[in-house]
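Structure first, then comments.
The values are calculated or read from the model by the stated rules, or taken from the named source; none is laboratory data. If you're wondering where the values come from, they're calculated on a predicted model, not measured in any experiment. Here the Cβ positions follow ideal geometry from the backbone for every residue, glycine too, while neighbour counts run over all protein chains shown. Protein only, heavy atoms only, side chains kept; ligands, DNA and RNA dropped before computing areas. Shrake-Rupley method; radii C 1.70, N 1.55, O 1.52, S 1.80 Å.
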Amino acid sequence: MDSSVYVFVEDLRGEGVERVLDRIGGYGVTGVTVGAVHHACRDVTPHGLSRLTVRHDAAHFTPPPELFAGLRLKPPTGHAGALDGLAEACARRGLKLHGWTVFLRNATLGVRHPDVTVRDCFGDRGSPTDLCPAHPDVRDYAVALARSVARLGVDSVVAEALHFNPQQAERSFVPLGPMDTYLFGLCFCDYCMRRATDLGVNAEAAREECAGIVGRVLDGEPPAQGEVTRAALTAYAGPEVVAYARARSETVTTLVSEVASAVAAEGARLVFVDSTGAVKGYTDGLPTPGLAAHDAWQLGVDLVALGDLVPAFGVLAYARDAARVADDVGAYLRSVGKDREVRAVLRPGHPDSDSADRLVAKARGAKAAGAAAVDFYAYGLAPHPVLDRIPAALAEAQ
Ligand SMILES: [Zn+2]
C-alpha cells in the first residue's frame, strides 16, 4: 500500500534532510509529502529545532520567474533552498516525493492585495487569509504555483485550500449557528456574483437574503438550529441562496481542472485534498455527523465532477473512530469513482489516536473501505513515540 508522512520544511532545516528521511524511511512508508508552500501559523513542535515553530505564508523554493512573468500575485518566498537535494535524497532511498501546496490561504497576499480576497454579504473583506477562487488573478496564481511545485521533481502536487473556505472569525460572542456562519462565509465579490449570474442565478437577491438573515441574528434574533444541509438551507434562506451556493462549484471545478492539467503537463499528478474533514474534526477528532464527502459542496467542492478531472484525492480522516474513517473513505470513493485513488490522511496521535491500537484500527478501516494509500500528519507535530506507531499501522494496511 502506498503511504507517506507529511513533513514541514522547518523539520528538514532543524534535523537535516538525511536524518529526517532516515527516520521516516525506517517507518516503512513509501513516500514523503513535504510542505512546499505553507500558510502562516504557530505550532508546538515537540522535537523541533525550537519547541514552538513560527511558520509564514511562503513558498520554500525560488519560483521560476517565467511562470510568474506578468502575474500580479507572486508567492512570498520563505526558506528558499530548504528543498534542495530533497528529491535526490528521496530517490536514493526509493521514497516518492509529494509536494504539499497550500493554494488560496495566504494572508500575506491577501493583505497586500485585498481586492483578491473574499467579500461577504455585507460587502466587507473580513478574511485577508482567504483568496477568492473566482478572481482571475488568483486563478492565474494557482496555475503558476502548481507548475512551480511540479517542477521541483515531485511525483504529485498535493493541493490544499484550492476551494472556498468557511468563515473563520477568531471571536464571536454572538451565538451564530452553523447555518448563519455558512451564509456569513459566502463570497459575494464581483467575480463570484458575475459567475453566478452567468449561470442564471439572481446573485443580488441571494446577497440581500444572506445579509438580511445574518443581520437579524447579529441584531439579537436567535440563530437557526441544526447542521447545514441543502434542504435546511432551502427552508431557511430560500432557493436563490441555495442556487448561489451551488454555483460556486463551477468556479472551483474549472479552477481545479486548470490546475490538474498544468500539473500533468509538467509530468506530475494532482492529489486534491478538500478541507471538509478538517473543518469537521480538526479540533477534537469528533467530526460532526455528516460525512466529509457529503458536505464538501459547502466549500464549492463537487466531488462527482472532480472525479472525472483529478486522478487522486486525499481524505482528511481526522476522527478518533475507526468506523468513521472507513465511512469517510467509502463515501469519498462512491463520489469520485471507484477507480480513483483515495488516500486517507490519519493523525497518529492527539487528538485522534490515543494508542497504537487505535491508529492500527483506522489504517485497517481505511484499507477495508478501499483507500489506496494512508498518509500520516505530521512529522514535526507529533512526538517521536507517537510516530513510532506508524510501522504497526502500515503492517496492518498491507
Ligand atoms: Zn468571490
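Assorted remarks:
- Among residues of the stretch 342-376, those that are open to solvent by 40 Å² or more (accessible area, probe 1.4 Å) and touching a strand residue (DSSP E or B) at 6+ places or on another chain (Cβ under 6 Å), counted: 1
- Glu258 vs. criteria in a helix (DSSP H, G or I) and either at pLDDT 95 or above or within 15 Å of the ligand (Cβ to nearest atom) (or both): yes
- Looking only at the stretch 300-334, residues that are in a helix (DSSP H, G or I), over 16 Å from Ala369 (Cβ atoms) and open to solvent by 10 Å² or more (accessible area, probe 1.4 Å) come to 2 in all.
- Within the stretch 143-172, tally of residues that are of a type in the set (Asp, Glu) and in contact (Cβ under 8 Å) with a residue 60 or more places away in the chain: 2
- Within the stretch 173-199, tally of residues that are more than 16 Å from the ligand (Cβ to nearest atom) and in contact (Cβ under 8 Å) with a residue 40 or more places away in the chain: 7
- Residue under evaluation Thr117, criteria (1) within 16 Å of the ligand (Cβ to nearest atom); (2) surrounded by fewer than 22 Cβ atoms within 10 Å (Cβ to Cβ); (3) polar (S, T, N, Q), criterion not met: (2)
- Filtered residues of the stretch 1-51 (kept if acidic (Asp, Glu) and either within 25 Å of the chain's Cα centre (by Cα) or open to solvent by less than 30 Å² (accessible area, probe 1.4 Å) (or both)): Asp2, Glu10, Asp11, Asp43
- The residues of the stretch 132-172 that are assigned to a loop (DSSP other than H, G, I, E, B), more than 12 Å from the ligand (Cβ to nearest atom) and open to solvent by 10 Å² or more (accessible area, probe 1.4 Å), listed by number, are Arg151, Leu152, Gly153, Val154, Asp155, Pro166, Gln167, Gln168, Ala169, Glu170, Arg171, Ser172.
- Screening Arg364, Arg324 for residues that are basic (Lys, Arg) and under 15 Å from Ser3 (Cβ atoms) leaves exactly one candidate, Arg364.
- Taking each residue of the stretch 379-398 that is surrounded by fewer than 16 Cβ atoms within 10 Å (Cβ to Cβ) and looking for partners that are at pLDDT below 95 with beta-carbon atoms closer than 9 Å, six or more apart or interchain, yields Gln398/Met1.
- Selected residue (only one of Val54, Val44, Val102 is within 24 Å of Arg269 (Cβ to Cβ) and either of a type outside the set (Gly, Ala, Ser) or at pLDDT 95 or above (or both)): Val102
- In the stretch 235-274, residue surrounded by the most Cβ atoms within 10 Å (Cβ to Cβ) [restricted to those that are touching a helix residue (DSSP H, G or I) at 6+ places or on another chain (Cβ under 7 Å) and among the hydroxyl-bearing types (Ser, Thr, Tyr)]: Tyr244
- So Pro76, is it free of Cβ contacts under 8 Å to residues at least 40 places away in the same chain, within 16 Å of the ligand (Cβ to nearest atom) and in contact with a strand residue (DSSP E or B) (Cβ under 7 Å, 6 or more places away or on another chain): no
- Within the stretch 251-280, being more than 21 Å from Leu131 (Cα to Cα) and touching a strand residue (DSSP E or B) at 6+ places or on another chain (Cβ under 8 Å) holds for Ala264, Ala268, Arg269.
- Taking strands (runs of 3 or more DSSP E) as the structural unit, those lying wholly within the stretch 1-111 and holding at least 3 residues that are among the small types (Gly, Ala, Ser) correspond to 31-38.
- Checking His56 against (1) without any contact (Cβ under 8 Å) to a residue 40 or more places away in the chain; (2) closer than 26 Å to Asn165 by Cα, the condition it does not meet: (1)
- Test: residue in the stretch 291-313 that is over 30 Å from Ala260 (Cα atoms), out of contact with any Gly (no Cβ under 8 Å at 6 or more places or on another chain) and at pLDDT 95 or above: no
- When we screen Arg269, Arg230 for residues that are more than 16 Å from the ligand (Cβ to nearest atom) and within 19 Å of Ser148 (Cβ to Cβ), the only hit is Arg269.
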